[in-house]
Every structure is written in C-alpha cells, then in structure tokens.
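Asker: I'd like to ask you about the structure that follows.
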2 protein chains.
Amino acid sequence: MQSTWQEPFLYQSVERQIMEMIEGGTLEKGDRLPSLRAMRVRTGLSLSTVNQAYMELESKGVIESRPRSGFFVRRSFRRLEAPLPRPANPTPRAVNRSQLIQTVLEAVGNPSLAPLGVICPTEELLPTKALTRILNRVMREHPTRAMSYETIPGNEELRRQISFRCTDPEAAIKPDDLIITAGAMEGLSICLRALTRPGDNVLIQTPTYYCFLQLLENLGLRAVEVPSGPETGVDPADVASALEKYEVKACIMCPNFNNPDGSLTPTRAKREILRLLEQRDVPLVEDDVYTDLHFTGPRPCSYKALDNKGMVMLCCSFSKSVCPGWRVGWLAPGRFHDRALEVKATTNVCTASPNQMAMAEFLAAGLYERQLKRLRSAVEKQMRLMRGLLGQCFPAGTRVTEPRGGAVLWVDLPGQADAVELFYRAKEHGIGVVPGPIFTMQEGFDNCLRLSCGGVWSESLEQALRTLGSLASELAGTDA
Amino acid sequence: MQSTWQEPFLYQSVERQIMEMIEGGTLEKGDRLPSLRAMRVRTGLSLSTVNQAYMELESKGVIESRPRSGFFVRRSFRRLEAPLPRPANPTPRAVNRSQLIQTVLEAVGNPSLAPLGVICPTEELLPTKALTRILNRVMREHPTRAMSYETIPGNEELRRQISFRCTDPEAAIKPDDLIITAGAMEGLSICLRALTRPGDNVLIQTPTYYCFLQLLENLGLRAVEVPSGPETGVDPADVASALEKYEVKACIMCPNFNNPDGSLTPTRAKREILRLLEQRDVPLVEDDVYTDLHFTGPRPCSYKALDNKGMVMLCCSFSKSVCPGWRVGWLAPGRFHDRALEVKATTNVCTASPNQMAMAEFLAAGLYERQLKRLRSAVEKQMRLMRGLLGQCFPAGTRVTEPRGGAVLWVDLPGQADAVELFYRAKEHGIGVVPGPIFTMQEGFDNCLRLSCGGVWSESLEQALRTLGSLASELAGTDA
C-alpha cells in the first residue's frame with residue numbers, strides 16, 4: 001500500500017498555488033490577491049471552489065478581506081517554517097527522565113489548565129451519548145457476561161470488529177491474532193516485557209513519547225536513539241548505522257504522526273528499516289495510535305502491513321479517538337503471540353468486560369468511522385488555526401510542523417528560549433504545555449515545545465496561545 | 001487486632017458438641033441422637049436453637065431424620081479429616097509451570113463446565129442490577145469524567161471509600177496510600193516489577209495461586225518455597241530457615257484463606273514472620289482478596305495492620321466479591337508508593353474511569369457490606385453441603401479442609417489417585433476442577449485437588465460432585 005500524498009479536495013490546489021506565490025515572493029505582505037473571478041479563469045475551477053480556498057487561507061490568518069477591496073496578504077502574516085531535524089548520538093544510555101516527566105505530567109493532567117498539554121479529543125467531540133446508550137444496553141441485555149471475567153485474549157466480537165474496521169487491510173490481522181489490552185500503553189509494556197531483560201538495548205526514535213522513556217527506565221533498559229526528523233521521521237541510514245554499532249533486542253517506532261513531532265515515515269523508508277531489523281532478527285514494536293487520525297489521502301501504511309515474518313508487534317487503542325478513560329486497546333503481536341498472552345495474563349488477567357462489549361457494539365454499529373470523520377476534520381481545522389495564530393503571536397524565528405495527521409504541533413522556539421522555563425511560566429498563567437526535553441535523552445531539544453490539538457477552537461484557547469506567544473517572546477528576547 | 005476464633009451463633013456450640021460425640025466414639029454410625037428436648041435440657045439453650053443445630057447437621061449429611069423416630073447418625077457418614085501439611089524444599093528454582101497452567105486454564109475458563117474450577121461468585125449472587133443502575137447513572141450524570149483518563153493513582157472518591165470500608169481499620173490505610181489497579185493481580189505484578197530483577201529469589205508459600213508462579217516465571221524470578229499447612233498456613237520457623245539459607249528480594253503471602261488450601265495464618269505467626277522479614281529488609285507482598293470472605297468471627301488481621309515500617313504492599317480487589325469482569329482492585333504499597341505509581345503509569349496509564357466511578361458509588365451506598373453478608377453466608381452453606389457430599393461419595397481416605405473463609409475446598413485424594421489425570425477425566429464429563437501440581441513447584445501434590453465454591457447449590461452441581469467422586473474412586477482403586 002502506497003502512502004503518496006495527494007490533495008483530495010480541489011480547493012486545496014488553489015490554496016497551495018496562493019501559498020506558493022506568497023512564499024516565492026510573487027505576493028508580498030499587504031499585496032492584493034487575484035480576484036476570485038481572475039483566479040477562477042486561471043485555475044479553470046468553479047467560483048465556489050476558489051472562494052473556499054480563500055476562506056481557508058483567511059481562517060489560517062494568511063490573508064484578510066477588506067470590504068469592497070478584495071483579499072490581501074496579511075501584513076502580520078509569517079508562514080512558519082518547519083523545525084529542523086536534529087542529529088542524535090545513538091550511544092546506549094540508561095534512561096533517567098522520570099523526575100522531569102513526573103513534574104510535567106502532574107501539571108499537564110490538571111483539568112483547570114488550558115488544554116495544550118494532554119493529547120485527548122475535546123469533550124464535545126467524544127461520542128459520549130452513543131457510548132452511554134450502548135453501555136447501558138450491554139449491561140441490561142448481557143448482565144452475566146458483563147460481570148464475568150473475559151478470556152485472556154479478550155472479547156471475541158470486539159476482536160472481530162477491530163480486525164475488520166480498525167486495522168490496515170494490507171496487514172491482514174485476524175481476530176485470533178489480537179489481544180485486547182487496557183490501552184496501547186499496556187500493549188507496549190507487554191511487548192517490551194516479552195522481548196527484553198534489564199540491561200538490554202532498545203532502539204527508539206528521538207524525540208519520542210515520554211511514556212516510552214519512562215517504560216525503558218522502569219524496565220532497566222538502555223535507549224539507542226536515532227533521529228526523528230519532523231517531516232519524514234526516521235532515516236533508514238541512521239537505523240543501519242546504529243544496528244551496526246550496537247546489539248539491540250527490540251525497536252519501538254511510531255511511524256505515522258509520531259508523538260511529539262507529528263512526522264510520517266515514508267513507505268519506502270519503512271520497508272528499508274524493516275529489512276534492516278529483520279536481518280538482525282530485531283522485533284519492531286509499532287505504536288499505531290495516530291494512524292486513523294490522518295487528515296487527507298489514504299491511510300498511511302503500517303509497518304505491520306509490510307511484515308511477512310511476524311516480527312512486528314502492533315499496538316493501538318481507542319484512547320485518542322473514542323474514549324480515553326475506558327482503557328480499551330489492542331495488540332497484534334505477530335509471532336510473539338503466545339508469549340504476549342502469558343505476559344497479559346500475569347499483568348491483570350484480562351481487560352474489563354463491559355468496556356470491551358460496549359466498544360464491540362459501537363464498532364458494529366458503524367459509529368467508529370463516523371467518529372473518525374468528525375474528529376479528523378475538527379483537529380485539522382484547529383491545527384490550521386493554531387498555526388496561523390502562532391505566526392501572528394510567537395517570536396520571529398519560531399518554527400512549527402504542518403503534520404498530515406495526529407493531534408500535535410511541534411514547535412521550535414528561536415534563540416535561547418528555554419521550553420522547560422516556558423512550561424513553568426505557562427503553568428502560572430493557567431496554560432498546560434509540554435516541553436521538548438522530556439521526549440528525548442539527547443541534548444538540543446531545550447527550545448522545543450509540544451502543543452496538542454483536541455479539536456475545538458475557543459476564545460479562551462486563542463487567548464492562551466496569545467499569552468504563550470508573549471511568554472515565549474520574553475524568553476526569546478524578541479518581540480512577536 | 002486479635003483473630004481468635006469464636007462461634008458467634010449459639011447453635012454452633014450444639015453442633016460442635018454433637019460432632020465431638022461422633023468423633024469421640026460416643027455416638028456411632030446408625031446411633032440415635034439425643035432428642036431435641038433432651039439436648040435442650042443438657043445445653044440450657046432454647047428448643048429452636050437445638051433444632052437449628054440438628055438441621056445444619058442434616059444439611060451437611062452428618063445425621064438424618066427418620067419419621068417418628070428422631071435423628072440418627074447417617075450410616076454413610078464419614079467425617080473427612082483435614083489434609084496433612086507437606087514439607088517443602090526451599091532451594092531456589094526457576095519456575096516452569098506455564099504449560100500445565102495454560103492447559104488447565106483453557107479448560108477451567110470454559111463456561112459449559114460444572115463450575116468447580118474458576119473462583120468466582122455464582123452469577124445469581126452478584127449485585128448485577130445495582131451495578132447496572134449505578135453505572136448508567138454515572139455515565140449520565142458525569143459523562144465528561146467517565147470518558148476521560150483518570151489520574152494515575154485512581155479515582156479519589158473510590159480511594160476514600162476503599163480506605164473507609166474495605167480495609168482493616170487497624171492498618172489505617174489512607175486514600176493517598178492507595179493506587180487503583182485492574183484487579184489484585186495487577187497490584188501483584190506491579191509490586192514484583194517494582195521490587196525485583198530477573199534472577200532474584202522470591203519467597204512464596206506452597207501451595208500458592210498458580211498465577212503467582214506464572215508471574216515469577218514471566219519475570220525470570222526464582223521461587224523459594226516454604227510449606228503452607230492447610231490449617232495454620234505458614235510456620236515462622238520455615239520462613240526463618242529459608243531466609244538464613246537464601247537471599248530473598250521479596251515475599252508473597254496470602255495469609256487469610258490462602259488459595260488453594262484455604263489456610264489462615266494465625267496473628268502470632270504473622271507477627272513473627274513480619275519481624276523476620278523486617279530484619280532482612282524483605283518487603284512482603286500481601287494477597288488480601290479473600291479476607292472479606294471470612295464466615296464468622298471478626299475479620300482476620302492482615303500483615304498490613306501489623307506493619308510499622310511500610311514494608312507490606314497489600315493487594316486486593318472486588319473480583320472475588322462484587323464484579324470479577326470489571327477489573328477494579330487496589331494496592332497499598334507502603335513505602336514503595338512512588339515506585340509502584342511509576343510502574344502503574346507505564347503498565348497502562350490508569351484504570352478505567354467508569355468502572356472506578358461506579359464502584360465508588362456502590363460503596364458509598366453501603367452496598368458492599370450487604371453484598372459481603374449475602375455472599376459469605378451462601379458460600380459457607382455451599383461449602384458445608386459440599387463437605388458432606390464428599391464424605392458420602394469420595395473414596396475412603398479422602399481428606400478435605402474446613403476453611404473459615406474464602407471460596408475453596410482443598411482435597412487430598414487417597415492412595416495413588418492422580419489429580420492431573422482426574423482433571424482430564426472430569427473435563428470429559430463436563431466438570432472443571434483444578435489439580436494440585438499447578439499450585440507448586442514441589443513434589444507431593446499429585447493427589448491434591450482444588451474445588452471452588454461459587455455460593456449456589458444445584459442438582460447439577462450435586463451430580464457433578466457425585467461423578468467426580470466415582471472418577472476419583474476409580475483412580476484410587478477403591479469404592480466410595
């Protein structure tokens with residue numbers, strides 16, 4: 001399955017043409033854009049399509065309309081460039097980020113803070129009513145099963161539905177290949193416990209989700225870090241060179257919309273990385289939780305779909321799309337199935353029954369696809385608005401990603417701006433953000449910041465971003 | 001807190017007197033018992049009290065009434081003696097029981113088998129309607145919280161309720177001392193992962209819950225086994241001698257109604273064992289899941305209540321009393337709280353929210369106490385009936401425990417009867433039982449059998465026990 005990027009909507013090609021004119025210098029700040037009519041003639045598209053493109057550009061803060069004069073490039077518009085990739089020293093090292101992570105997490109989980117910290121769809125976007133109705137029905141219609149232990153691998157109907165609706169068809173994951181877990185994190189924990197012993201090396205991309213670093217630390221594992229570029233993720237050459245130098249027992253990758261940099265590793269690179277790992281018999285633990293949140297184009301391909309040898313252990317969940325607090329996820333552990341099942345049994349016997357039964361009915365009713373559609377469109381829109389606002393109110397030299405899916409923006413602050421300091425100051429202003437250093441064991445991420453996008457725009461969120469911009473400008477020693 | 005054993009009901013003293021007359025030879029098989037009136041005079045108790053004692057003895061299969069003639073010791077009555085304790089060789093050994101355990105578990109979890117395998121209250125005894133109502137209300141009244149991630153330590157109100165209602169008051173466990181887990185097994189897994197590294201020795205009693213052996217095997221730990229006698233559990237002298245010979249990193253004990261032998265370690269022995277462990281700085285992981293299922297007398301004291309140094313990590317859950325499939329339990333990890341919290345976070349972030357919220361309301365409504373009362377009385381009654389029936393239809397020389405709580409009977413089959421063989425034959429007859437060898441790494445448990453008591457008596461259960469008795473008699477080479 002190819003993951004070539006396409007513009008599925010016509011208006012997006014108009015949008016791209018305008019952006020190219022601005023970025024190429026054809027249109028400067030304050031310049032008037034071609035009229036809608038002129039643009040219609042130029043592109044051969046309908047007036048309404050051109051109009052939609054202009055509306056989008058306006059909502060992103062790129063252009064503004066002036067009554068009876070047309071559209072103009074905003075004087076305040078700065079298109080933020082993408083952050084630069086950073087090198088990483090892959091020397092295996094013991095992980096010791098827990099203390100900083102703990103401090104950040106305690107703040108970020110605080111519901112009174114502006115929600116730019118935790119990755120979680122905004123409450124209005126969760127299918128709460130549908131799930132409540134379904135859960136109630138499940139308890140009423142199948143009380144005995146809902147009260148009893150599930151089997152260790154998990155509810156059969158749920159596994160069937162997941163196999164059918166929630167996995168890459170190319171991966172051909174069958175219901176019996178699946179183990180239901182209490183979220184994707186439990187899947188990951190099971191994988192590493194099944195594959196490693198304390199002191200072993202684990203290959204990870206950097207930056208990576210801080211919970212993975214915590215997990216390595218807890219299991220006494222050593223991290224071999226390869227760089228994750230904010231656009232194309234992991235470069236096979238870096239993997240090859242790390243594997244030549246160090247013996248590695250397992251590898252964790254989040255190829256599609258990596259948390260925190262949103263990067264998407266191209267299919268060709270995935271193939272090459274998988275081949276390198278196979279040569280050395282290194283299992284790959286794949287974090288797949290953001291793949292279904294792709295905005296446009298086909299679903300990016302998973303490592304699992306490219307795996308012919310059962311070496312990929314895929315971890316996924318409904319936590320980022322349907323119901324974070326229900327703790328329902330799944331693991332497709334390939335040829336490590338029996339070992340993973342044993343670890344699951346001794347972790348907590350099985351996953352909670354009513355939660356699994358209700359999710360199975362939710363999926364069977366076709367509500368997952370509907371939920372994804374709604375959520376993707378909301379998150380994409382919020383990201384665009386956020387990027388526009390960052391251009392207006394963050395200090396000059398700020399860079400930000402433009403991810404094709406997922407739920408985070410990854411920001412490079414300019415100059416000496418220290419993101420951990422910004423985290424503390426933002427917290428005093430009631431704003432939750434996550435600073436770069438907790439996503440890595442490397443140096444060089446002190447000025448990075450992760451902003452999460454729950455999918456809803458509000459005045460208070462806009463105000464929080466403006467405040468954050470001022471704080472960042474103070475730290476950077478520049479004006480926004 | 002003392003755990004001296006008392007007879008809380010007057011009729012029980014009458015029952016005991018009769019049993020003493022039978023066991024002492026004063027009354028032989030076929031003999032007529034003293035009339036109700038004579039016994040009233042002899043004991044000074046009311047006629048209805050004496051009558052109740054006779055009814056109980058009849059229900060246990062000890063005596064029978066003959067019309068217009070009075071009560072007689074049944075000719076078929078055999079009071080089964082308690083199984084004998086077995087010695088154990090504490091030499092540390094790698095655990096390798098997984099395969100047998102897996103085979104047994106696959107059969108035992110099969111709902112079409114007669115339920116003498118899995119320990120789980122019978123469906124009719126679970127508070128399903130109350131929990132359904134409460135869960136529905138929670139989802140309706142607090143939708144946002146029910147959909148969101150809980151904090152890592154778990155729902156605050158639930159921890160408050162557990163601290164108040166579900167823990168030994170002498171242990172003075174505060175809400176902030178607790179971490180909510182997906183069942184007690186998750187607590188145990190967290191404790192061992194927090195305390196040990198592969199290759200470490202862990203002191204356990206034998207026989208012990210097979211999942212603990214699986215856990216040791218999965219974590220690459222070595223078992224140092226001390227004997228658990230079927231009546232008084234673990235002898236401090238055995239612990240002292242094992243600790244002198246081997247370095248031990250942690251200890252797992254189920255002091256109250258140990259699964260599978262139902263043993264109750266006396267308070268004095270608990271004190272002594274705790275002192276021995278403290279001297280060597282060995283943390284004690286306490287499995288407390290059966291304590292609330294004590295039949296009579298005060299709640300037996302927990303190790304936690306005797307611990308002044310924070311060395312005891314107590315694991316408990318609602319799985320054996322309220323809702324097995326909901327996966328809600330708790331861990332009171334003493335001075336290992338922060339480490340345990342880190343392990344919980346990297347296991348699965350947090351326990352499911354709606355399940356925790358509903359359990360909090362269930363407790364707050366006072367329904368836990370009511371549920372325990374109902375369940376205890378049902379299980380005690382079933383155990384009595386089962387013991388009586390075993391006396392009638394199991395081969396001569398069979399021994400069985402008479403536990404003061406919990407949910408299992410532990411049976412010694414006579415002679416060469418092999419319990420693993422019995423397990424396979426019983427399975428063919430649609431009966432689920434659990435054979436002794438999966439509870440230990442020692443030799444000498446081949447003729448042991450665990451029978452679980454879900455709390456409800458039925459004709460089909462009686463028939464299953466009779467069939468089991470015939471199969472056991474065949475294997476023992478004797479008649480019932």
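Asker: For B:E474, which inter-copy label distances result when the label point lies 7 Å beyond Cα on the Cα-to-Cβ vector, reported in nm to one decimal and in ascending order?
Answerer: 8.4
Asker: Taking R0 as 35 Å, what's the FRET efficiency between B:E106 and A:R165 from their Cβ-Cβ distance, rounded to 0.05?
Answerer: Details: r = 28 Å, r/R0 = 0.81.
It comes out at approximately 0.80.
Asker: Shortest first and in nm with one decimal, please list how far the B:E81 label point sits from its counterparts in the other copies (point 7 Å along Cα→Cβ).
Answerer: Those separations, rounded to one decimal, come out as 8.9 nm.
Asker: By counting other Cβ atoms within 10 Å of each Cβ, how are A:L36, B:L27, B:L471 ranked from fewest to most?
Answerer: Details: A:L36 16, B:L27 19, B:L471 22.
Lowest count first: A:L36, B:L27, B:L471.
Asker: Here's another thing I want to ask about it. Neighbour counts of other C-beta atoms within 10 Å: give me A:M441, A:M39, A:M313 arranged from fewest to most. Please list the in-between numbers first.
Answerer: Numbers: A:M441 24, A:M39 21, A:M313 29.
Result, fewest neighbours first: A:M39, A:M441, A:M313.
Asker: How tilted is helix B:98-108 with respect to the longest principal axis of chain B? Cα atoms for both, answer in degrees (0 to 90, nearest 10).
Answerer: 60 degrees
Asker: Next question, about the same structure. How large is ³J(HN,Hα), in whole Hz, for each residue of region B:65-81 in order, when computed from phi with the Karplus curve 6.51 cos²θ - 1.76 cosθ + 1.60 and θ = phi - 60°, using x for Gly and Pro?
Answerer: Couplings: 9, 10, x, 6, 10, x, 9, 10, 5, 4, 5, 7, 5, 10, 7, 7, 7 Hz.
Asker: How large is ³J(HN,Hα) for each residue in region A:148-163, as worked out from phi by the Karplus curve 6.51 cos²θ - 1.76 cosθ + 1.60 (θ = phi - 60°), to whole Hz, x for Gly and Pro?
Answerer: 8, 4, 7, 5, 4, x, x, 3, 5, 5, 5, 5, 5, 5, 5, 4
Asker: Report the relative contact order of region B:359-480, percent, no decimals, based on alpha-carbon pairs under 8 angstrom and at least 6 residues apart. All intermediate terms of the calculation are to be shown ahead of the outcome.
Answerer: On the way: 172 pairs, mean separation 39.0, N = 122.
Across region B:359-480, relative contact order equals 32 percent.
Asker: Quick one: angle between helix B:337-348 and the longest Cα principal axis of chain B, in degrees between 0 and 90, rounded to 10, please.
Answerer: 90 degrees
Asker: With the alpha-carbon atoms as the only input, what is the per residue convex hull volume for the protein assembly as shown in Å³? Don't skip to the answer; put the middle values down first.
Answerer: Numbers: hull volume 162.4 nm³, N = 960.
Per-residue hull volume (Cα only) is 169 Å³.
Asker: Moving on to the next point. Provide, for chain B, the number of lysine pairs with alpha carbons under 18 Å apart, each pair being eight or more places apart or on different chains.
Answerer: Going through chain B pair by pair, I get 12.
Asker: Given a Förster distance of 35 angstrom, what is the FRET efficiency for A:E123 paired with A:S48, based on the Cβ-Cβ distance and rounded to 0.05? Write down the numbers at each step before the final one.
Answerer: Details: r = 33 Å, r/R0 = 0.95.
Result of the calculation: an efficiency of 0.55.
Asker: Still on this structure: Could you derive backbone 3J(HN,Hα) for region B:459-471 from the dihedral phi with the Karplus parameters 6.51, -1.76 and 1.60 (θ = phi - 60°), listing whole Hz in sequence and x where the residue is Gly or Pro?
Answerer: Once θ is set to phi - 60°, the couplings for region B:459-471 become 4, 5, 5, 4, 5, 4, 5, 5, 4, 4, x, 5, 4 Hz.
Asker: Take the alpha-carbon positions of region A:126-368, form their convex hull, and give its projected area averaged over all directions (one quarter of the hull surface) in nm².
Answerer: On the way: hull surface 49.1 nm².
The orientation-averaged projected area of the Cα hull of region A:126-368 comes to 12.3 nm².
Asker: Do the sum for chain A: with -39,500 (n - 2.57) for every DSSP H run of n ≥ 4, divided by all residues, what is the mean residue ellipticity at 222 nm, to the nearest 500 deg cm²/dmol?
Answerer: Details: 17 runs with 202 residues, N = 480.
After summing the helix terms and dividing by the residues of chain A, the value is -13000 deg cm²/dmol.
Asker: While we're on this one: Taking a point 7 Å out from Cα toward Cβ as the label site, list the nm distances between A:G30 and the same residue in every other copy, smallest first.
Answerer: For A:G30, the other copies' label points sit at 12.1 nm, shortest first.
Asker: Note down the nm distance, to one decimal, between modelled labels 7 Å out along Cα→Cβ at B:R75 and at A:D31.
Answerer: Each label point lies 7 Å from its Cα, and together they span 11.3 nm.
Asker: Using a 10 Å cut-off around each Cβ, can you sort A:K129, B:K60, A:K304 from fewest to most neighbouring Cβ atoms? Mind showing how you got there, number by number?
Answerer: Working: A:K129 11, B:K60 22, A:K304 25.
Ascending number of Cβ neighbours within 10 Å: A:K129, B:K60, A:K304.
Asker: Taking amide H positions as placed in the peptide plane 1.01 Å from N, state which residues far from A:L221 in sequence (5 or more) or on other chains have amide H under 5 Å from it.
Answerer: Counting only residues 5 or more places away or on other chains, the set is A:G199.
Asker: Then there is this: Grab the beta carbon distance between B:A396 and B:T232, set R0 = 22 Å, and tell me the FRET efficiency rounded to 0.05. The partial results should precede the final answer.
Answerer: Working: r = 26 Å, r/R0 = 1.19.
Rounded to the nearest 0.05, the efficiency is 0.25.
Asker: B:N308 versus A:E157, label points 7 Å from Cα toward the beta carbon: distance in nm?
Answerer: 5.7 nm
Asker: Mind giving me the nanometre distance, one decimal, between the label points for A:E443 and A:E247, set 7 Å out from Cα along Cα→Cβ?
Answerer: 3.1 nm
Asker: Would you mind classifying region A:10-73 by shape? Square roots of the alpha carbon gyration tensor eigenvalues, ordered a ≥ b ≥ c; an a/c under 1.5 is rounded, otherwise it is prolate if a/b is larger than b/c and oblate if not. Intermediate results must be reported in sequence, preceding the final value.
Answerer: Details: a/c = 1.44, a/b = 1.21, b/c = 1.19.
Rounded, since a/c falls under 1.5.
We did not get these values from a lab; they are worked out from the coordinates using the rules stated. Nothing here was measured: the structure is a model prediction, and the numbers come from that model. Cβ coordinates were reconstructed from backbone atoms using ideal geometry, including for glycine residues, and neighbour counts include every protein chain displayed.
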